[in-house]
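Have a look at the structure below, then the notes.
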Amino acid sequence: MDSTWSAAAWEVMAGSSVRRARPRHCLSRAMRRAWAPASLASATAERHAGGRASLVATASRTQSRPVAKDVSASTSVPSYTALANAGKRPVASMLVMWGAVGALPVVLGQARGVLGPQMRGVALDRADEVGTDRGTLDLREGLGQLALEKAGLLAEFQALSRPEGQAMRILGTDGAVLRDWRPRPDDRAHPEIDRGQLRDLLLGPLDVRWGRGVKQVVPGTRNGVLVHCADGRQETFDLVIGADGAWSRVRPAVSSATPHYTGVTSVETSLDDVDTRLSHLARLVGDGSVAVYGVNRALVAQRNSGGHVKVYAQLRAPLDWHENLDLADVEAVRSRLLALFDGWAAPVLDLLRHGTAFVHRPLHVLPVSHTWTRVSGVTLLGDAAHLMPLLGAGANLAMLEGAELAESIAAGPADLDETVRAFEEQMWARAGRWAKITTAGLERLVSPDPADALALFDQVQPS
């Protein structure tokens, strides 16, 4: 789930503008061709000079798309060879352990020439993330959209995104319309895109080993960072980037912090083909999202593409609120939720009555100011680094961080650790501000006083 609050309002709440000059960096045709996997039949390992191994992961699906123009003659970012000749240390091997949006360090790392000349796309997708790419994200100007522009993918994003998805409607528990915000025709501040579409967009030039899990990351070995894979293989890398979400397998290599429960649980369900099967709910949700706030309860429905709607029932409750409830029993979960939202308007409750299945998602967060002592060869970004409430910031920050990290490595000094440390400090400062904002937002959106949620939206939505 994601928020549809305006980008300008988020900038005000964050205390500083995120808009900035955005240089256009595109991917060359030659690079795209070089990235094309020689075979999709198997995954192999290649050896670089000096015996360093990198994983070459193959994906189970590919996507063709227009090739961005070649700007290699105009970019000032040095190539791998130029870095080596200048006495700097290019990255021979980089592993990104990623969830939905963690591929940008590899995309931009290769585009900027900071990976070794034999390096191909290296990204390991967590086994428990595969197939969980439904849902929608709003990508914001100056954050997620800026990251895509740096990767030369903004035009393709704009073609796939849904500006109309910025619409937001708030109802009372009696079904009365309290607020109804609709985007202007030219509004592109934070259009929506399906997670699966975004994933395919980012994966276009990469090979990915689907379901290749990581058990442990061990920094400080003689050959670099040692990665123990779930299938028993071991590989070493110059740099391992943990972009693998809330329950990161990479995080323990740099931090002992673990996510803690916020006191709010979300139960997710879905509606398919709403425009033809459930036209009254299609009208209720509209082009974007509809939200209803009660006492320590919230019900939010968000339109995806293709007539698909995601529904999120949120409640303040103990972590074991479902004790004696079989979460695999669809009808039992539906009955419990209908009891918890008893008295709400019938059309609102139809969002639960017609749900096809239910997924229990207790909301966890990391400490607001999560930092760590620098560990050579390992870093984190996105939810692995700064897990925060689901209010529109997490994916945007992860994408921008991936782009910034790749650019920092490309333009940075010979000392890779120094470059990564500078990136981490910048990330911590920005993420800390957003964590405070989203933590406060969750407190108001699922609270004893429903008027508090409405007042928050009045504060951040355009008038």
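The values are calculated or read from the model by the stated rules, or taken from the named source; none is laboratory data. Everything numeric in this text was worked out from a predicted model, so none of it was measured. Every residue, glycine among them, receives a Cβ derived from its backbone with ideal geometry; neighbour counts consider all protein chains shown. Only protein heavy atoms, including side chains, enter the accessible area calculation; ligands, DNA and RNA are left aside. Shrake-Rupley method; radii C 1.70, N 1.55, O 1.52, S 1.80 Å.
Some observations on this one:
- Residue list for region 306-326, given a label point 7 angstrom along the Cα-to-Cβ vector of D275 and an amide N cut-off under 19 Å: 306-311
- The candidates H228, H190, arranged from most to least accessible area with a 1.4 Å probe in the full protein assembly, appear as H228, H190.
- A simple spin-label model places the labels of R188 and S369 3.9 nm from each other, with each point 7 Å out along Cα-to-Cβ.
- Within-13-Å neighbourhood charge of D350 [Cβ basis; K, R +1; D, E -1]: +4
- Extension gain for the segment A345 to E164, taken as residue separation times 0.36 nm less the Cα-Cα distance, is 62.6 nm to one decimal.
- Candidate aspartates and glutamates for bridging to K215, where Cα separation is under 14 Å - those fewer than 8 sequence places away on the same chain excluded: D125, D128, D231, E235, D244
- Between Q426 and R361, the modelled labels are 3.0 nm apart [label points 7 Å from Cα along Cα→Cβ].
- Cβ-derived FRET efficiency at R0 41 Å, H228 paired with Q459, nearest 0.05: 0.30
- Applying 0.36 nm per residue to the separation of S305 and N324 and subtracting their alpha-carbon distance, the gain on full extension is 3.3 nm.
- Our estimate of slack between A440 and V218, defined as 0.36 nm per intervening residue step minus the Cα-Cα distance, is 76.3 nm.
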